[in-house]
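**Student:** Once you've had a glance at the structure underneath, I'll fire off some questions.
The values are calculated or read from the model by the stated rules, or taken from the named source; none is laboratory data. These numbers come from a predicted model, not from an experiment. So basically every Cβ, Gly included, is an ideal-geometry build from the backbone, and we count neighbours across all protein chains shown. Ligands, DNA and RNA are excluded from the accessible area calculation, which covers all protein heavy atoms including side chains. Shrake-Rupley method; radii C 1.70, N 1.55, O 1.52, S 1.80 Å.
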Amino acid sequence: MKLPIITYPDKRLKIVSNPVKVFDAELHTFLDDMYETMMATNGLGLAAIQVDRPIQVLILNIPNEEGEQYQEGLLEIINPQITFSDGSLFFQEGCLSVPGFYEEVERYEKVIISYLNRHGEGCSLEADELLSVAVQHEMDHLAGKLFIEKLSYSRRKKFEKEYKKAQKEKKRQ
Ligand code: QAP
Ligand code: CO
């Protein structure tokens, strides 16, 4: 089932998510619904809070060089912790909860995370490039943070301006 996505400036996006303790069929159905929602909206990452569930769950599906996404490449990440980080880079990000806005954000270049899979088994993931940026973006959602909060002062001003303009255009319709 496709779920509705919460968008900025909804205050629920600021909620700090709780760890998952039960790895049952209900969680598996929820993960499947998250995947359906992400694919239907052309996303490459989604956190549970974006569909109104404040639990530490995120999914990622990074496209290959041809821009294709395969379900085999799907990552389901529960209760993640960063165990190592190194370097920094700027990357152009977007977010399903801030539709239509893309801007450069500073992130670690490389991270290693430990997490649980849908069965509650411990896993670890070494990520760089787009995967690293996407993991950090989605983990920020679990802490109630949006990428626009990490923008430099001038880029944040640009966002405010574009957001206000989009609101005005919405009202005229
Ligand atoms: C987070 O973002 C991300 O504005 C995932 O109109 C993004 O899937 C991590 C999307 C970039 C790393 C780099 C955004 C879809 C999807 C939009 C997304 C839109 C339609 C964003
Ligand atoms: Co996002």
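**Student:** For residues that are within 15 Å of ligand 1 (Cβ to nearest atom) and without any contact (Cβ under 8 Å) to a residue 24 or more places away in the chain, scanning just region 117-144, find the one that is nearest to the chain's Cα centre (by Cα).
**Tutor:** The qualifying residue nearest to the chain's Cα centre (by Cα) is Asp140.
**Student:** Quickly run through region 78-105 and pick out the residues that are without any contact (Cβ under 8 Å) to a residue 24 or more places away in the chain and either on the phi > 0 side of the Ramachandran plot or buried (at least 18 other Cβ atoms within 10 Å of the Cβ) (or both).
**Tutor:** Within region 78-105, Gly87 is the sole residue that qualifies.
**Student:** Could you list, in sequence order, the residues of region 127-137 that are within 14 Å of ligand 2 (Cβ to nearest atom) and open to solvent by less than 10 Å² (accessible area, probe 1.4 Å)?
**Tutor:** Matches in region 127-137: Val133, Ala134, Val135.
**Student:** Here's something else I'd like to know. Within the bounds of region 150-166, is there any residue that is under 18 Å from the mean Cα position of the chain (by Cα) and either open to solvent by 80 Å² or more (accessible area, probe 1.4 Å) or among the polar types (S, T, N, Q) (or both)?
**Tutor:** Yes, region 150-166 contains at least one residue that is under 18 Å from the mean Cα position of the chain (by Cα) and either open to solvent by 80 Å² or more (accessible area, probe 1.4 Å) or among the polar types (S, T, N, Q) (or both).
**Student:** When you look at Ile59, is it over 15 Å from Ala143 (Cβ atoms) and touching a helix residue (DSSP H, G or I) at 6+ places or on another chain (Cβ under 6 Å), yes or no?
**Tutor:** Values: over 15 Å from Ala143 (Cβ atoms): yes; touching a helix residue (DSSP H, G or I) at 6+ places or on another chain (Cβ under 6 Å): yes.
The answer is yes for Ile59.
**Student:** Taking interchain pairs and intrachain pairs at least six residues apart, which have beta carbon atoms under 7 angstrom, with the first residue in region 25-43 and closer than 21 Å to Glu93 by Cβ and the second within 16 Å of ligand 2 (Cβ to nearest atom) and part of a helix (DSSP H, G or I)?
**Tutor:** Going by the 7 Å Cβ cut-off, the qualifying pairs are Met34/Ala48; Met34/Val51; Thr37/Val51.
**Student:** Output yes when any residue across region 109-125 is open to solvent by 40 Å² or more (accessible area, probe 1.4 Å) and within 16 Å of ligand 2 (Cβ to nearest atom), and no when none is.
**Tutor:** no
**Student:** Taking the options Leu46, Leu27, name whichever one is farther than 25 Å from Leu130 by Cα, among the aliphatic types (A, V, I, L, M) and surrounded by 14 or more Cβ atoms within 10 Å (Cβ to Cβ).
**Tutor:** Leu27
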